[in-house]
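Here the structure comes first, spelled out in structure tokens, and everything after it is commentary.
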Amino acid sequence: MDGKRKEKLIQTIALLKVPGIGPTRYKNLINAFGSIADILKAPLSELEHVREFSRSQASQLQQSYDETKAEVISHQIGNLKWEFHFSDDEEYPKLLKNIHHTPPILFHIGQPIDNNDRMIAIVGTRRPTDAGRQMAFQLAKSLASDGIVVVSGMAEGIDSSAHAGALEAGGKTIAIWGSSLDYVFPASNKSLAERIKESGTIISEYFPGTRPDKATFPARNRIISGMSEGVIVVEAGQKSGALITASLALEQGREVFAVPGSPISKASIGTNQLIKDGASLVTSVEDIYTALPTLKGTVISKKFVKPPDMTEVEEQLFKLISSEPIQLDQLSRTTNLSIGELAQLLLTLELKGIVREISGKRFVLSEEFTSC
């Protein structure tokens, strides 16, 4: 590790160890001042004007920031041989850079993160039925066979079955932990963790010695969905953590899929409700590829230079939409058009077969207009 990178690691740890500073306040501070060194030089009068930052928090920062303690943690990380990436590194997962609460730093063991990989998450209950386990395993196996990386949380049940299915296919899988990388949870998954390290990657945002708790699991879920192009929920009870992941996926503009189940099965209450609420129903990988045609590879189809019967405004909108989903509010910010005006234009383009709407108020080009 070079000197500058080590210094940045120590500063990042020290800032994140200040009480009250999490990913959002960290990002707001960096956006306001540019670097941690400049944050430390800033007077209270400037710090207290940072978004979501008060004068008391600014005082806490100046009093609690401790690089000496942070250096001890950085030595631990070095001794454990963890790799790490800051959120502004090129190697940092590209989809994760654009979510709310982006982790400032990610630690990982196993294989390097490859931003050319296409990723999809499979999550579900810790207490699945045999049919649910089998479905998660087979979906993951099929996806991994097609070169798609399966992301999950390595919890008992559906998550573990998904990782195992990807490994069975000789594919790649990524496990996101709600604990630090030196604390395997659940302990029963130690052998699975070793298998994942050999051909896949294990990722955590937590410093050494962090045990999982009620706060770390929901935080972990935003990374599972944030790294992935879509989230498949296989089985989920009424209050399953997998539903939190699905909700986060929608907020992040990801496609949400759900496997239907018996209406009298407690394990399928959550997934059946997701389908009612607009999630894409999944019974095979083909359902996933239909909703995300670029996941398996580039769609081979004709690209029209100028589709027929388009007004100038429709043409401008057409140029902003691609095979990658884009949210309605993002289009509104880019075009300076109101949501109402955009809705009318998009409806017209949809009726012409040029665009289509998917879950979460997101839009993609129809397949015949996707570039080859």
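The values are calculated or read from the model by the stated rules, or taken from the named source; none is laboratory data. Just so we're clear, the structure is a prediction, and the values are computed from it rather than from any experiment. Backbone-built Cβ (ideal geometry, glycine too); neighbour counts: all protein chains shown.
Data overview
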quantity	calculated
Qualifying residue in region 126-144 (condition: assigned by TED's automatic domain parsing to the domain that holds LYS266 and under 13 Å from the mean Cα position of the chain (by Cα))	no
Residue that is nearest to LEU80 (Cα to Cα), among those in region 108-162 that are free of Cβ contacts under 8 Å to residues at least 60 places away in the same chain and of a type in the set (Asp, Glu)	ASP114
Scope region 186-238; condition acidic (Asp, Glu) and buried (at least 20 other Cβ atoms within 10 Å of the Cβ); matching residues	GLU205, GLU229, GLU235
Residue check for ASN115: among the polar types (S, T, N, Q) and surrounded by fewer than 16 Cβ atoms within 10 Å (Cβ to Cβ)	yes
Hits in region 119-150 - residues which are surrounded by 18 or more Cβ atoms within 10 Å (Cβ to Cβ) and part of a loop (DSSP other than H, G, I, E, B)	GLY124, THR125, PRO128, THR129, ILE148
Which listed residue is in contact (Cβ under 8 Å) with a residue 24 or more places away in the chain, part of a loop (DSSP other than H, G, I, E, B) and of a type outside the set (Ser, Thr, Tyr), from GLY226, GLY237, GLY165	GLY237
Qualifying residue in region 14-23 (condition: in a helix (DSSP H, G or I) and touching a strand residue (DSSP E or B) at 6+ places or on another chain (Cβ under 8 Å))	yes
Qualifying residue in region 25-42 (condition: touching a helix residue (DSSP H, G or I) at 6+ places or on another chain (Cβ under 6 Å), over 25 Å from LYS97 (Cβ atoms) and among the hydrophobic types (A, V, I, L, M, F, W, C))	no
Set GLY124, GLY178, GLY110, GLY157: member being over 21 Å from ARG5 (Cβ atoms) and out of contact with any Pro (no Cβ under 9 Å at 6 or more places or on another chain)	GLY124
Tally of residues being under 22 Å from LYS8 (Cβ atoms) and among the hydroxyl-bearing types (Ser, Thr, Tyr) across region 30-80	5
Qualifying position, being outside any loop (DSSP other than H, G, I, E, B) and closer than 30 Å to ILE73 by Cα, among GLU198, GLU156	GLU198
Filter result for GLN57 (more than 29 Å from GLY226 (Cβ to Cβ), assigned to a helix (DSSP H, G or I), not assigned by TED's automatic domain parsing to the domain that holds GLN330 and not β-branched (Val, Ile, Thr))	no
Test set (1) small (Gly, Ala, Ser); (2) under 20 Å from TYR206 (Cα atoms); (3) surrounded by fewer than 17 Cβ atoms within 10 Å (Cβ to Cβ) - SER87 fails condition number	(3)
Residue satisfying condition, being farther than 29 Å from ILE73 by Cβ and small (Gly, Ala, Ser), within set ALA215, ALA164, ALA193	ALA164
